[in-house]
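The values are calculated or read from the model by the stated rules, or taken from the named source; none is laboratory data. Please read these numbers as outputs of a predicted model, since none were measured by experiment. With ideal geometry, Cβ positions are generated from the backbone for all residues, glycine too; neighbour counts draw on all protein chains shown.
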Amino acid sequence: MNLQENIQRIKTIMEVDNTSKMNSILFPFFDKVFDRYDTTKDKDEYVRWYDENLTDRNDDNISLHKTRWGGLYVGDCDVVNELKSYQTYLSINDEEFKNILKDYMNNKFQSIFIDRPIEVIHFDYCSDDYFN
């Protein structure tokens, strides 16, 4: 094995280790956010998250929703701001943060998503230049 191959192997190991560390840091914070929501799924594989304290659950009260094609839309600006604070605090770039969040959501809600995981996360409803 030459030097370049060894360097690449070390970089790969370090990246995996850093991702694992970041997941272990962020996942408990994500639990605090997402444990306060109830989820529903319809026959078309459309998943909705509602604040657990809501009694009137309709399309106007959806905090997050996932399409059957794997798009997760975060429409609750409080959730976006809370997630953004974790990202800012840990100095993680947008792409890395969204990938960690996607991994978290796909693991946590695997029994709901089954074979239709989240492919892309959108913060469109509350976005600013930070998330674009």
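Each row is one residue, and each column tells you yes or no for (1) closer than 19 Å to GLU96 by Cβ; (2) hydroxyl-bearing (Ser, Thr, Tyr); (3) surrounded by 14 or more Cβ atoms within 10 Å (Cβ to Cβ).
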{"position": "LEU26", "(1), (2), (3)": "yes, no, yes"}
{"position": "LYS32", "(1), (2), (3)": "no, no, no"}
{"position": "LYS41", "(1), (2), (3)": "no, no, yes"}
{"position": "VAL47", "(1), (2), (3)": "no, no, yes"}
{"position": "SER63", "(1), (2), (3)": "no, yes, yes"}
{"position": "VAL80", "(1), (2), (3)": "yes, no, yes"}
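List every residue pair whose Cβ atoms sit under 6 Å apart, with the two residues 6 or more apart in sequence or on different chains, where the first one lies in region 76-96 and is closer than 27 Å to GLU52 by Cα and the second, anywhere, is of a type in the set (Val, Ile, Thr) and surrounded by 11 or more Cβ atoms within 10 Å (Cβ to Cβ). As it stands, the answer is VAL80/VAL74; GLU82/VAL33, since those pairs meet every condition given. Taking (1) of a type in the set (Asp, Glu); (2) modelled with pLDDT of 80 or more; (3) more than 22 Å from CYS126 (Cα to Cα) in turn, GLU15 satisfies each apart from (2).
The residue of region 68-85 that is nearest to ILE118 (Cα to Cα), among those that are hydrophobic (A, V, I, L, M, F, W, C) and in contact with a strand residue (DSSP E or B) (Cβ under 6 Å, 6 or more places away or on another chain), is LEU72. For region 18-50, the candidate set comprises residues that are part of a helix (DSSP H, G or I) and touching a Phe, Trp or Tyr at 6+ places or on another chain (Cβ under 8 Å); within that set, the residue that is modelled with the lowest pLDDT is ASN23. Inspect all residues belonging to region 95-107 and state whether any of them is under 15 Å from ASP35 (Cα atoms) and of a type in the set (A, V, I, L, M). Taking every residue of region 95-107 in turn, at least one turns out to be under 15 Å from ASP35 (Cα atoms) and of a type in the set (A, V, I, L, M). Whenever a residue of region 18-45 is more than 15 Å from LEU83 (Cβ to Cβ), it has no partner that is modelled with pLDDT of 85 or more and small (Gly, Ala, Ser) lying with C-beta atoms less than 9 angstrom away and at least six residues away or across chains.
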